[in-house]
Every structure is written in structure tokens, then in C-alpha cells.
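Shown next, in C-alpha cells, is the structure this report addresses.
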Amino acid sequence: MRQVLDIFTVAAVSAGALFFLVGTVGLLRFPDPLTRLHALTKADNLGLGLVVLGLLPQAEGFLAGVKLVAVWLLAQLAGATVTQLVARAVRRGGPPA
Amino acid sequence: MSTGFALDAGLVLDAGLAALVLAVAVGAIVAGTAFAAVVGFVTYGLLLALVWVRLAAVDVALTEAAIGSGVTGAVLIAAAARLRPAEARSAAERPGVPLRLAAAVLSALVAAGLAMLVLLPSAPAPSLGPAAAVHLPELAIGNPVTAVLLAYRAIDTLLEKIVLLLALLGVWSLAPDRFWGGAPGQPHAAQQDGALALLARLLPPVGIVVGVYILWVGAVAPGGAFQGGAILAAMWILVMIAGLRDAPATGGRRVRLLLVVGPAVFLAVGLAGFVVADGFLAYPASYAKPLIIAIEVVLTLSIAVILGLLASGPPGRERQR
Amino acid sequence: MSAETLYGLCAAALVGLGLFGSIVDPQPLRKILAFNLLGGGVFLLFGVIARRGAAAGMAADPVPQAMVITGIVVAFSATALAVTLLLRLFETTGQATLRTGAPARPDPDSDRAGS
Amino acid sequence: MAEFLVGAAGFVLAMVALGLVRLLRGPADADRLMAAQLLGSGGIATLLLLAGGAGVPAAVDAALTLALLAAFASVAFVRSAPGADPAEPDSTEPR
Amino acid sequence: MPPAVTLASAATAGGFLLVLAIILPAAGVLLALAFGRHAERIALLLMPAGFAIAIAILADVWHSQASLVAVMGGWAPPLGIALRADGLSAMMLVTTALVICAVGLFARGDFGMPAGGGEARAPLVFWTMLMGVWSALNAIWLGRDLFNLYVALELLTFSAVPLVCLDGRAETLAAALRYLLFALVGSVLYLLGVALFYGAYGTLDIGLLAGRVRAEPVVWVSAALMTAGLLAKTALFPLHLWLPPAHAGAPAAASAVLSALVVKGSFFLAVRLWFDVLPGLPGVPAAQALGTLGAAAIIFGSVLALRQERLKLLIAYSTIAQIGYLFLLFPLSTGAAAAGIWGSVAWTGGVYQLVSHAIAKAAMFMAAGLIGEALGHDRIAGLGGIGRALPMTIFAFGLGGMSLMGLPPSGGFVAKLMLLTASVTEGQWWWAVVILLGGLLAAAYVFRVLAPALAGADEPLRLCARVSRRREAVVLALAVGALLLGLLPLRPSELLQIGRPAAPTAIMR
């Protein structure tokens, strides 16, 4: 059982890390702010989500698991808000400069 | 300590992290615009929080995450945006080459001196850890950092709260006279920003729970009054920025009482030590823990209000009576 | 090389960088920023010292850690005060510079008189 | 498992660090903020992995704090941009 | 690790006085913030109490001929923090109390709360910051822990900076910002040294450190960093740029506090560092370097003071010069021939300069404030006839000036005479030249003010405001105090030796 969980952790965390890679590449390679934003948020939320998912079996106790999920939810909320706000700032005729 | 591979992986991580911190710092110094520099600084604070975890100082990591990166970053970003019109002009006043060169040499010398000291073997490194550990049972406090802050070196913490209050009064003192006692900043227009308003509705309840948890856990694990207070302050700032709640009048009776209640209770307990224990800031045996927790609770309240108002700036509106 | 040493060297470099920035950068806001970088380096040095002082079952000496927490609070207060001063200066003069050109009155005896 | 988690932490950190190029290059301020945001998420993931891998459970609390404040920089940016506030405070001197 | 409790850190019976000296003004800060419209009353009520505490500490130290010690929370150093009042601390406590109380009486005219009973900005800020300065300074005079002293130093900075820009003019805002930046970098450098000391010796208690420090790189680096930071905060040449606009731009009562007391806080820490933490280390080159900077400050500050058009700037530049004298203390009492620092003429002379300049400079700034109030400006060229209008004030200014010049029988005379004697007996005659030259320059700039002030006006003098007799009397009383200081010499030199190591010669070399 332990081993199965460990394998799950390794798989999920690896996949998560990969999404971070994807996000970074998108941020670096995509041509304009809006597409970059798109790449970034999709990737880092999925990445973080998979990492959290992978860590859940390793969590010691219920509270620790809840905290992990809470971290992910908060990051999701922050990410979504930031995307909205930044996208609007970009659309409003470019960033205020 | 763990096996060879883990140690190596850890060391590689540490080396990368150190390099990253340096790179971000260099970026913040050389960045073309103040805004880029400030965003660099925000990431610097974030990376430092990771470093603190690597250095087994999670209490500090919490503080850095809340203050170093979070609230300080918000203050600096807002300032950079406001100051943009003046930037080109003040950036043009670069000092001459001789001064820059002299500063570079001086800074390099200081850095080299410090690096030399870091590399010099100084075994065994002195530590007050054992001394701090010996007295933890007397205080019934599990987190040694909390014990240092509220017992062994409590006078520092007390004076530092006065520093915070004076900094806030200093910020207020910059307001025009007619605004004295009024609320900071301009009233924010009713928010059309759905996303921001949503965030400001959803986040604070969670944030308050987290802040209280961090405060409460501080007695036995990393956390405590300052970290908890900083999180609460951040939530309050968010609500104010989003325009859901207006900043309070700085002259209001309740605000003033909230500001001073923490330090005042701390001071009062400290003075009571003259009577019921052996001296200023001494806690009577077996009452240490409840007293420390009581102090922390009121301190958290005051810290949250002070930090929130510090970030809000000087009064900018006339006081409604 | 141990992690503490690595971070110690990092702290030394940060101090140098911060010092350099706070001396040469003409923009007050970036001086404030450099001061914060410098402060971060100093705090990091405390952290290294704390880690080296791991003893008695503690992963790090708590005393320097407590000092860093105090220091971070003070640094934040300083930043808030300095930024407010700067913004106020900007509001009154429309500039954000420390060169006291004193727009209100010609001031022959400002601090630069003799230097 | 611990080694793997620490290694993964390092990998995630390295990935998001690459994104910092955007921080320096921009070109828009929004790009810089995005880089910071990515580093924020990566930092949170790193902390969580370290909490498991290096045996510092309290690091999760630090991650929790970071997650709470993750949107702060962007919110400050959006709200302090010109046009966000209805009026600039006027510049009358005290007295 | 050596035993935690040493004899030197055992608390003494009067220790609670030390706590009160710091806590009473701190409580004043809290009360003033909570009950804003009573801020002035709170401050004025606390002043006699604070003064009495300072006197009580002085009396206790003098009576027992030993230091007073308080151990915070019963936690002995190195884990905990101790406060200690030696003779020097006691002297500084009383000087501070004297100047603060005088400034308080003086400031009632400028910073009274409005009649309506509401709270107003400037008075609340002034009185609260005054309490803050007092608390911070007392913490500095009494502190025995380098990090505790860092907190005290920051407390001082945060109470001093807002005083500079109380009037909100653009120049004072810029001056305050520059002052703040200098001060912040200064204290961070100090903090860096603190970190190094802790890393090397595992304690920050001054007494314990003194027993542990050895001549090794870490000590030199941290001493250099701390000294550099403290010099920036003390405005020693060439780190003085921030001082003149800051001190000249502040309201007179605030200038008095800033110039008389605030810059002395960081100087005092430099003295503590070199004489208490590192007494056993031969610091001759460092001492000569500090002395050289001091000498440069004397000449440079005096010459610039001579060239000023405005009275307050003149006084501010004279502060830079007078700070220079303080630093002559270093080469003259750590010099090769110094046998027994604490009894040495230079040590006593330096401390005398500290005290007499504090009192004289406070009086002079307040006098300048009254003059400015009466005339509506402070241009030196326009002072004609003011001597007839404000005789007490001009007399007070002159008495303060005597102390700056070093004319007998002022306190400044005793101080400068002692420094002069020391430089001759130590065979370091070059300092004597600087001291004499500084005295001449001081005479020149003081007379540049007094000459027009005492001369008749070209046209009848029109005063903008009536100056209160009471405030004039306060200024004069303080100036007379600076003068009288010269008449009670020698006793303080005994006081200054209380709490000093018994046989300083043994560890000197």
C-alpha cells in the first residue's frame, strides 16, 4: 500500500513539475501579454494542483491534508483574480505607463 | 541529517536558491524602471522566505512571507506607480563616475570582508539555544522563538512596538492639518472590479482563520503575534483596497484604543512583574503561559491595526464628525 | 561547502549590493528598495548564525531568529515612513528627488554650499 | 521519498526561475507581474515539497501565508494605476 | 559556555529606577496616542517625574559609588537583557532630563493644543515624539545589550525624523527623508556588526563581550561596520550632509532636541563600543582616524557656520563642528601614553563637551527660535537692534556661544581646556592646534551674530510677535546652566569613574 501511494506521489509531483516547465516556456515564448497570461495561469494552477495532489498521501493527519488543499484553493483564487485584473489592465490600452 | 543523495539534492537546491536570490537582487538594483525593481523586490522577499525554511527558521519565513514580500511589496508597488511621472527626472541625477566607483569599491570591500568571516572556521559556533531550552519548561512554551520574543528579550519586543506606533504617528504627521484625524487616502469608488471584490469577500474569512491559527500555534510551533497580526493586517488592507470597507478615521477613539491596547497590556503586565514576580517583565511562576498568550492576543490585534494603517498612508480626507 | 556557508556568502553579497544601491541610486524610492535588500542580507546573516548555532535539539538558535523578526518589523516601519515621506514630497513639489532645489525660495545655504 | 521531494522542489524552483527573465525583460509591467506570480506559485509548490521532503511540517504554514498574499502585488498594481483612484489628493501644504 | 550569571549583572536594589526611566516616557507615548487632546498635559506631567527619576539614579550611583543594575524579567545575560547605570549614564540621564524639561517648558508656546479642546496635528506629534526621544535616549544611556541598543537607536530615529518636517514644507520633507535614509543605512550597518559579534561570541551583553573579545578579524570588521553606521547617525564629517537642513528646518524646540541630544545618542554608542566592548584592544590607528575626522569636522563645520546667512543654519553647522570635538576623545584617551582611561583628562573633557554642548546648543536653538518668532525671519543680516528688543534671549545666545568658543567659565571652556591639556600631555600637539583654531572660528561666528544683534538698528525694529517672558527665561536659565557647568568641575570626573573597570590599565595593553 505504502509503495503504491509513493508511486502515486512521484507520478503526480513529476507531472506537476512538468506543468511548471510548460508554464515557464509559455511565459517566455508566447508573443503577447494576454497569451502569456493564459499559458501562465493554466500551467501554474495545474502544476500546483498536481503537486498538492501528490503530497496528499504523504500528509500526516487530516489537518495537514486540509491545509494542503487550502493552499491550493487559495492559490487558485489568487491566480484567477490576478489573471482577471492583469488582463483588464492590459486591455485598458496597455499597462499604465 | 540524511543520506548522501538527499544531502546533495538539498545542497544543489540551496546553491540554486542562493544564486537566485542574488540574481533577483542584482536585477532589482540594475532594473531599468523603478517598477521592475520593485517587482524584483517582491520576488526577493518570496525567495527569502524559502531560504528561511532552508535555514530551519520557519518563524522568520512566516514573517518574511507576510511582511517582507507581501505588505512591503504592496506599499512599494503602489509608490512606484504613483511616482512614475517623476521617475525620469530623478533618475537622471546619477552621481558622477568617481562617486560610483568609490561606492562600488566600498561595497565590494564590505562584502569581501563579510565573505571572509563567513568562510573563516569558527568552531564551535556559539549558541544560546541550550540556555533558551533549559527555561522553556518554566514558561510552558514550546516554541523557543516565542519564548525569546516574549520572555527572555521581552523588552526588545515591547520597545519595538513603540517603534511601530511612532512610525505610524510619523506617517500621520505628514498629513495636511485640515485632514488631521480623518481617514487615510481617498474614498475608493464603488468597485466595478468584480474579480477584486470577489477576492476581497472570499479571502478575508479564510485569512482571519489562518491568522488566528498562526497566532495560536505560535506557543508550540512556528508562528505568533507578529505573523498572525501581519496576516490579519493584510486581509484588512485587501478589503480597504477593494473598496468594500473604508479606512477608519485616524482620530477615532476606537482606532486609537486598538492601536495602544497591545503595548499597554504588555507594559502593564511587565510592571506588575515588580509586584508579583521578580522584576519588570518577569512572569509569576505557573502563570507564564497564560500571561504570554494573553499578551500575544492583544498584541496581534494592535499589530494588525498598526500595520494596516501604516500601509494606508496619512489621513487624506477631512474628518467627519 | 555547507548550506550555511553558501547562504552566508549570499548574505555578504547582498549586503554589498544593497549598500551600493543605497549610495549611488539617485531615486529615493530605489534607495529605499536598496535599503531593504541590504536589510535582507543582514537578516540572512543572522539566519546563518542561528543555523550554525543549532544545539540542544533545536535546528537553529532561537535568539538570532527572534532578532530577525524584530528587525523585519522595524524595516517595514522604516519603509512605510520613508515611502510616505517621499510621496508627500512628490505631492508638494511634483518631484521625487533629494536634491533640494527648494522651489519655494532660492536657498544659497543649502547643504551643498561647501561640498 | 524525501530525496525525491527535495529534488522535485529544486526542479520546480529552477523552472520558475527561468521565468524571471520576463521580470527583467518585460516589456510590459504586466509581464513582470506575471513572472512574479509564476514565481509565487512555484515558491508555494517548493515550500510544500520541502515540508514533506526536508521534514519541516511548519513550512506548510509559510506556504499558506504566501498563498494568502499571492495576489497582493497585482492588486496593489491595479489599484494604484492612474485612473484607478477617482482623484489625486491635492497638494496643499499643512498650515 | 561560561556561567550565565556574573557578578556584574546581578540586579541592584535601585534597578527599578532604570526601568522607569525608559518606561515612563514610553507610557507617555501610549497615553498621548490614546488621549490625543491631552498629549501636552501628559507630557508636562511626566516631565517632573522623569526628572526626579534621573536625579534619583544619579544620587543612588553617587551614594553607593557603584553601578545600578536591572535585569529584565529576571533573565540574566547572555540569554536575557540587563540595564546598567554607571556614572556616565547617570550624567547623561540628568542632562537629558534637564534639556527635555526645558524644551517642554519652552514648547508650550508653540505646541499648545488649540483652545477648542480638540486634538491638533503638530502638538500631538511634537509631544509624543518628545516622549519617544526621551525614552529612546534613556534606553541608550542604560542599555547593556547591543541588540537592545539597536532597538533603542531605531526608536530614536523614528521619534526624531517626524520632528524635522513638522511644518510640512517641501525643504523640510526632503531634509527629513534624507535624514531617515542616512539613519536607516547607519543602523543597518550597526546591526550587521551586532550579528557578527553574536556569531563570534554568542552574547551581546557588553560586559560579557568585553571579557570574550580577542584581537581577531571578526572584531575589526564588526567594529568598523558599527562605527561607520554610528558616524552616519552622528553626522560626523564627511557623513554630515543630512544634518544642517534637518536641524535648521525643524521648529526651534525640535531643533534643540535634535542638536543637543539626538546626535549624541549614536555618539554615545560609539563610545560604549570602543571603551566598554573593546577596552582591551589597542585601537590606536582607529582612534587616530576618528580624531582626524573629528578635527576635519571642527574646521569644516566652523568655516561653513561662518559663511551662513541664516541664524539657524549657522547654529546647525556649529553642531557639526562641536560634534568634531567629541571625537577627539578617541585619540586622546586611547593614545600610547594613556594610563588609566577613566581618570584621564581627555575622557573627562570629552564627556564634559558632551554635556555642555547639549545644554548650550539647546539654549542657542531656542534663542534662535524666539528671535525668528519676533522678527519673522532669521537672516543674520537683519538682526540689527534685536539685542535691545530681546535682551534676555540675546544674552542667553551669547552665554551659549561662550561655551562653544570655550571661554571661561563656561562648561565648554572646561571641556576644551581638558582636551587641550590632554593633547599636550599626550604629546599629540596637532589636536591642540585644531582645538584652538576651532575656538577662534567659533568666536568669529558667534560674534557675527552678536555684533549686529547688539548694534543699533538702521531703522526702528518692528517685531512681528511679542515674545513671552517666560520662554525667554527658560532659555536664559538653560544658558546659565551651561555656564555654571564650568564652575562645578572635578566632582563629575569622580562620578564618571563609577562603574568603570577597577584597573583599566591592566587590560589596556
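Points worth noting:
- Ligands, DNA and RNA are left out, and with a 1.4 angstrom probe the accessible area of chain B is 34 Å² per residue.
- Computed from phi, the 3J(HN,Hα) profile of the stretch E:321-331 under the Karplus parametrisation 6.51, -1.76, 1.60 (θ = phi - 60°) reads 5, 5, 5, x, 4, 4, 7, 5, 3, 5, x Hz, with x in place of Gly and Pro.
- The stretch D:2-76: radius of gyration and largest Cα-Cα distance (Dmax), Å: 13.3, 40
- Interface of E with B. Using a 1.4 Å probe and counting protein heavy atoms only, the two chains hide about 4400 Å² of accessible surface, both sides summed.
- Note on the stretch A:2-91: Cα-Cα pairs beyond 18 Å make up 51% of the total pair count.
- For the stretch B:1-131, the Cα-based Rg and Dmax, in that order, read 18.8, 56 Å.
- Debye log10 I(q)/I(0) at q = 0.05 Å⁻¹ for the protein assembly as shown, Cα point scatterers: -0.30
- Whole-Å distance, taken between Cα centres, linking the stretch B:32-84 and the stretch E:214-232: 29 Å
- Helix axis angle, A:2-29 relative to chain A longest principal axis, alpha carbon, degrees: 10 degrees
- Taking a span of 18 Å or more along the helix axis (Cα atoms) and a mean Kyte-Doolittle hydropathy of at least 1.0 as the rule, the DSSP H helices of chain B that qualify are B:4-30, B:34-54, B:97-119, B:154-172, B:194-217, B:225-241, B:253-276, B:288-312.
- Computed label-point distance, nm, for sites residue E:465 and residue A:8 using a 7 Å Cα→Cβ extension: 7.8 nm
- Considering every alpha-carbon pair of the stretch B:89-213, the percent of pairs per 5 Å bin, from zero through the bin containing the longest distance, is 2, 6, 7, 6, 8, 11, 14, 13, 12, 12, 7, 2, 0.
- Ranked by the mean number of other Cβ atoms within 10 Å of their residues, highest first, the peptides B:276-282, A:7-13, B:306-312 fall in the order B:306-312, B:276-282, A:7-13.
- Value in Å of the Kirkwood radius, where the stretch C:2-64 supplies the Cα pairs that are averaged: 12.3 Å
- In the stretch B:128-321, the inverse of the mean reciprocal separation of distinct Cα atoms equals 17.9 Å; this is its Kirkwood hydrodynamic radius.
- Share of pairwise Cα separations in chain E, more than 42 Å, in percent: 13 percent
- Among D:66-76, E:370-380, the order from most to least packed when residues are scored by Cβ within 10 Å on average: D:66-76, E:370-380
- Rounded to the nearest 10 degrees, the inclination of helix E:345-375 to the longest alpha-carbon principal axis of chain E is 20 degrees.
- Lysines whose Cα lies under 18 Å from that of residue E:416, excluding same-chain neighbours fewer than 8 positions away: E:264, E:361
- Inter-probe distance in nm under a simple model that places probes 7 Å from Cα toward Cβ, at residue E:447 and residue B:112: 5.1 nm
- When a 1.4 Å probe is rolled over the protein heavy atoms, the share of accessible surface on the stretch A:17-97 that falls to carbon and sulfur comes to 70 percent.
- Buried area at the D-A interface (accessible, heavy atoms, 1.4 Å probe, summed, Å²): 3400 Å²
- Solvent-accessible area buried by pairing B with C, both sides, nearest 100 square angstrom, 1.4 angstrom probe: 7100 Å²
- Computed from Cα atoms, the angle from the helix E:87-107 axis to the main principal axis of chain E rounds to 20 degrees.
- For the stretch B:250-321, the Kirkwood estimate of hydrodynamic radius, built from reciprocal distances between every pair of different alpha carbons, is 13.7 Å.
- Relative contact order [Cα under 8 Å, 6+ residues apart], chain B, whole percent: 20 percent
- Take every pair of alpha-carbon atoms less than 8 Å apart whose residues are at least six positions apart; their mean separation over the length of chain E yields a relative contact order of 15 percent.
The values are calculated or read from the model by the stated rules, or taken from the named source; none is laboratory data. Computed from a prediction, not measured in an experiment: that's the story for all the values here. Heads up, the Cβs are rebuilt from the backbone with ideal geometry, glycines too, and the neighbour counts pull from every protein chain shown. Accessible surface is based on the protein model in full, side chains and every heavy atom, while ligands, DNA and RNA are left aside. Shrake-Rupley method; radii C 1.70, N 1.55, O 1.52, S 1.80 Å.
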